[in-house]
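Remarks on the structure that follows.
The values are calculated or read from the model by the stated rules, or taken from the named source; none is laboratory data. Predicted model only: the values in this text are computed from it and were never measured. In this analysis, Cβ positions are derived from the backbone assuming ideal geometry, glycine residues included, and neighbour counts consider all displayed protein chains. Heavy atoms of the whole protein, side chains included, go into the accessibility calculation; ligands, DNA and RNA do not. Shrake-Rupley method; radii C 1.70, N 1.55, O 1.52, S 1.80 Å.
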Amino acid sequence: MSHRSWAEPWKIKVVEPIRMTSREERIAAIEEAGYNSFLLKSDDVYIDLLTDSGTSAMSDFQWAGMMIGDEAYAGSKSFYNLVNAVHDVYGYEELVPTHQGRGAEHILSQILIKDGDYVPGNMYFTTTRFHQEHAGGKFVDVIIDEAHDTASLHPFKGNIDLDKLQSLIDEVGAEKIPYISVETNVNMAGGQPLSMANLKATYELCHQHGILVMLDATRAVENAWFIKQREAGYEDKSIAAIMREICSYSDGATVSSKKDNLVNIGGFLALRDPELAKQARALLVAFEGLHTYGGMSGRDMEALARGIREMVGTDDHVRARVGQVEYLGDKLIKGGVPIIRPVGGHGVFLDAKAIMPHLPHDQFPAQALTAAIYVESGVRGMERGIVSAGRNKATGDHNYPKLELVRLTVPRRVYTQAHMDVTAESVIDVVENAEAVGGLRFTYEPESLRFFQARFEPVS
Ligand code: F0G
């Protein structure tokens, strides 16, 4: 058979114009934004690769659902549609809806973590770790070493290192570890999956010790795709079947529905244990909303229920989603840009340390490179390095992460291949002249989650 390319399993019905800007306009905009891409106005952005969070294009079927969302304060029909969708696709019985992922993380952390507890996880995520620490816990990274090595081609860089986990159990005792937080397609590692075999082994080890396994299933569909591509025995299974198996090795999950689930807002905590769910709902009504809406409107829940079924409805959806990210990654690799490999599921991660060896780590190479790319072409990325890692609470010094990255995150069903071409060409131009990019220093540093609102100026 002759070679056939894949193409997106959808066509475009509505378009949103975007504005091109001049270099002068962009220089003024980035200065006004304090060299922080989070503080740019989206009207000044040409191709917006800040995040894949809440930026998906919904389908016509989801939009139709918005019209018939049930806005009843209690017992909304749309809530029960959501309960059924989560049950059918993820397999969890108990659903606690929240306004977005961090709402679920807050509630989970509050019901399970006691002061002085330890919460292992496969690399940190910013809001997840914040809520664990806020509840009195200490996050311990138990991801395999390959995850921190940008050159490693390990197919499952998101795997848990079971020896690290066992050492933690030996050291602090299982009673001090309420749960392990297992992230699917690890965001901060570059969108890297964990294998089914590793997840199963983690589940077995934890259950021998009475430790719960809580997934961050925010990007589980993308993880399922990589399992299908890379793990023996899964090549002929559907994404829907792989998803259910992933969740079968867990006691619950937090999900930011703004990613895999193809909606612009929403999230949930799902659990198996009805007792735990009761405790979660008690907090939910204080912090999020009644237990049948949790901060979402009825129409949000209706679109979400439909998005959850759509993301696994055909394997073609995730093939096209990850395929577009790989397309961008391959172009950058061919252009000589050092990126995290294998290419991840939700974005391409530029290795700012390798691109800008002339800058010391505390002059924020990835922050500076993000700003330079914006000035070059209006493409907006995000720093995922020392600024995101924040400060060590005890010493007050920066956390110095091994990975110093610029993330170019691809929204789902939003941009075309031509947008990816323009992105790759402009990034290659900046990287070829990277020695011209100078360092930055803080002019304003927020105390927590500083990357969102920090401001900077050029060092010289
Ligand atoms: N977990 C993961 C793995 C995430 O990537 C995010 C959000 C959250 C939890 C929190 O969910 O935003 O709905 O409260 N990630 C976004 C990003 C912000 O751009 O990576 P949320």
Query raised in the report: Carbon and sulfur atoms: what percent of the 1.4 Å accessible area of the chain do they account for?
Result: 52
Report summary line: Set Lys77/Lys138; Lys11/Lys157; Lys228/Lys331; Lys114/Lys353; Lys11/Lys353; Lys77/Lys259, cut-off 31 Å on Cα-Cα distance; pairs above it are Lys77/Lys138; Lys11/Lys157; Lys114/Lys353; Lys11/Lys353
Query raised in the report: Under 5 Å between amide H atoms, partner at least 5 residues away or on a different chain: which partners does Val119 have, H built in plane at 1.01 Å?
Result: Lys138, Phe139, Val140
Requested in this report: Between the alpha-carbon centers of the stretch 396-421 and the stretch 85-112, tell me the distance in whole angstrom.
Outcome: 26
Query raised in the report: Taking 0.36 nm per intervening residue step and subtracting the Cα-Cα distance, what contour gain separates Ser5 from Ser460 on full extension?
Result: 159.0 nm
**Report entry** Distance from the stretch 200-270 to the stretch 133-165 (C-alpha centre basis), Å
**Finding:** 17
**Report entry** Residues of the stretch 168-204 with amide N under 15 Å of the 7 Å Cα→Cβ point at Asp273
**Finding:** 174-181
Report summary line: From highest to lowest solvent-accessible area (probe 1.4 Å; ligands, DNA and RNA excluded), Asp145, Asp397 read Asp145, Asp397
**Report entry** Residue-normalised accessible area of the chain, expressed per residue, 1.4 Å probe, Å²
**Finding:** 41
Query raised in the report: Per-residue accessible area for Glu25 at 1.4 Å probe radius, Å² rounded to 10?
Result: 90
Query raised in the report: What number, rounded to the nearest 500 deg cm²/dmol, is the helix-based mean residue ellipticity at 222 nm of the chain, given -39500 (n - 2.57) per DSSP H run of at least four residues and division by all its residues?
Result: -12000 deg cm²/dmol
Requested in this report: Whenever you get a sec, line up Asp251, Asp60 from highest to lowest accessible area (probe 1.4 Å, protein heavy atoms).
Outcome: Asp60, Asp251
Requested in this report: Search the structure for amide H atoms under 5 Å from the amide H of Tyr92, placed 1.01 Å from N in the peptide plane, and list their residues when 5 or more places away or on another chain.
Outcome: none
Query raised in the report: Whose amide H sits under 5 Å from the amide H of Ile47, counting only residues 5 or more places off or on another chain, with H placed in the peptide plane?
Result: Val379, Arg380
Requested in this report: Work out, step by step, the length gained on full extension between Phe452 and Leu290: first 0.36 nm times the residue separation, then minus their alpha carbon distance; give nm to one decimal.
Outcome: 55.4 nm
Report summary line: Taking R0 as 45 Å and r as the Cβ-Cβ distance between Ala354 and Lys77, the FRET efficiency 1/(1 + (r/R0)^6), rounded to the nearest 0.05, comes to 0.30
Query raised in the report: Which order do Trp10, Trp63, Trp225 take when ranked by solvent-accessible area (1.4 Å probe, heavy atoms of all protein chains), largest first?
Result: Trp63, Trp10, Trp225
